1. Considering each residue of region 26-48, count those that are open to solvent by less than 40 Å² (accessible area, probe 1.4 Å) and among the small types (G, A, S), and give that number.
2. Out of curiosity, is R13 open to solvent by 90 Å² or more (accessible area, probe 1.4 Å), part of a helix (DSSP H, G or I), modelled with pLDDT of 95 or more and not β-branched (V, I, T)?
3. Are there any pairs, at least 6 apart or on different chains, whose C-beta atoms fall under 8 Å, with the first in region 30-53 and closer than 19 Å to R5 by Cα and the second open to solvent by 70 Å² or more (accessible area, probe 1.4 Å) and not in a helix (DSSP H, G or I), and if so, which?
4. Out of (1) at positive phi; (2) open to solvent by 100 Å² or more (accessible area, probe 1.4 Å), what's the single condition that is false for G23?
Amino acid sequence: MNILRKLIENQKRFYIEKLLEAGVYKTSDDHLYEKTLSELAQVYESYQSIQRKWK
């Protein structure tokens, strides 16, 4: 596995783990594991934004 692919997979794993810890298992149409890195980042940022509003 090349270095770039490994970095991308590590970032995807980070976002998936954080979202799973927060209770997010699936978006409206896809499971987290089916998402691209940019889609996961967007879901994570949306979740973080909502959390900040509640505090």
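1. Qualifying residue count, region 26-48: 1.
2. On the way: open to solvent by 90 Å² or more (accessible area, probe 1.4 Å): yes; part of a helix (DSSP H, G or I): yes; modelled with pLDDT of 95 or more: yes; not β-branched (V, I, T): yes.
So R13 passes the test.
3. Hits for this filter: L32/Y25; L32/K26.
4. Among (1) at positive phi; (2) open to solvent by 100 Å² or more (accessible area, probe 1.4 Å), G23 violates only (2).
The values are calculated or read from the model by the stated rules, or taken from the named source; none is laboratory data. Here the structure is a predicted model, which means the values were calculated and not measured. Cβ sites come from the backbone with ideal geometry, for glycine too, and all protein chains shown count toward neighbours. Note: accessible area is taken over every heavy atom of the protein model, side chains too, but ligands, DNA and RNA are not part of it. Shrake-Rupley method; radii C 1.70, N 1.55, O 1.52, S 1.80 Å.
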